[in-house]
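One structure below.
Just so it is clear, none of the values below were taken in a lab; they were calculated from the coordinates. Not measured: the values here are computed from a predicted model. As a convention, Cβ positions derive from the backbone with ideal geometry for all residues, glycine included, and neighbour counts pool all protein chains shown.
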Amino acid sequence: MDKQLYIEIKSLSDKYASELHSKIDERTEEIKSDDNSHFLIYRVLGISESEGNLIDIYQNKGRFVYKYAGSFLEEAAVLCLKHKFPNGSKTRIPNTLGKKPATYEIDFLNKSDALEIKWRDATTDGDHITKEHTRVKVISQKGYKPIRVMFYYPQREQAIRIQETLKTLYEGIKGEYYAGDDAWNFIKNYTGFDLKEILEKIADERTPVYE
């Protein structure tokens with residue numbers, strides 16, 4: 001395990017954990033003074049006031065956790081890429097096939113490899129395929145190879161179908177698509193760094209798993 005990379009990812013995790021818990025504490029305090037008149041509808045549906053309060057708290061917690069988890073993992077993956085390919089960087093290219101958006105962002109451009117890093121993608125929006133199709137075509141026309149790396153696969157049927165369509169799209173344009181275990185293995189093989197091993201070590205130090 002690369003010591004310097006571990007230190008940087010650990011420091012990044014400390015930063016994200018601190019900001020996450022600060023946001024959660026702040027929102028929890030705000031909820032205490034919220035108007036709870038909507039609890040009437042919860043009660044009509046058989047949810048007690050105490051349960052309703054917990055639902056509201058954890059709904060807000062969940063939104064923050066999801067957002068921070070995704071941003072952290074994507075940034076940690078880029079750190080691995082940056083350590084291996086110091087000349088690579090986040091890049092914007094003009095949209096040559098339409099007016100909106102004006103540009104597309106490439107999470108990490110390493111020579112001709114245009115990597116899109118996502119922690120997960122659970123969208124069920126059919127328009128998502130069209131937008132992604134255009135983005136991938138623009139990248140390909142620029143002379144780059146689009147590579148999608150998504151660490152966690154969605155679990156709902158419709159979202160899974162969209163990912164299967166996207167995989168076919170990438171392959172059809174001579175790009176590459178990696179999801180789940182394949183995504184972790186891609187980062188390990190591409191950079192030489194085992195990101196999952198690093199994250200497991202940090203996770204065990206912060207929140208040990210008990211059998």
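Results for (1) touching a helix residue (DSSP H, G or I) at 6+ places or on another chain (Cβ under 8 Å); (2) free of Cβ contacts under 8 Å to residues at least 40 places away in the same chain, shown as yes or no for each residue.
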{"residue": "GLU105", "(1), (2)": "no, yes"}
{"residue": "LYS111", "(1), (2)": "no, yes"}
{"residue": "LEU115", "(1), (2)": "yes, yes"}
{"residue": "LEU199", "(1), (2)": "yes, no"}
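Only a single criterion out of (1) in contact with a Leu (Cβ under 8 Å, 6 or more places away or on another chain); (2) assigned to a helix (DSSP H, G or I); (3) among the hydrophobic types (A, V, I, L, M, F, W, C) is not satisfied by ALA159, namely (1).
Here is the figure for region 1-27: residues that are over 24 Å from TYR58 (Cβ atoms) and β-branched (Val, Ile, Thr) total 2.
Kindly indicate whether ARG148 is exposed (fewer than 14 other Cβ atoms within 10 Å of the Cβ) and either part of a strand (DSSP E or B) or touching a residue at least 40 places away in the same chain (Cβ under 8 Å) (or both).
no
Of all residues in region 162-206, exactly one satisfies the criterion of being outside any helix (DSSP H, G or I), among the aliphatic types (A, V, I, L, M) and surrounded by 18 or more Cβ atoms within 10 Å (Cβ to Cβ), namely ALA179.
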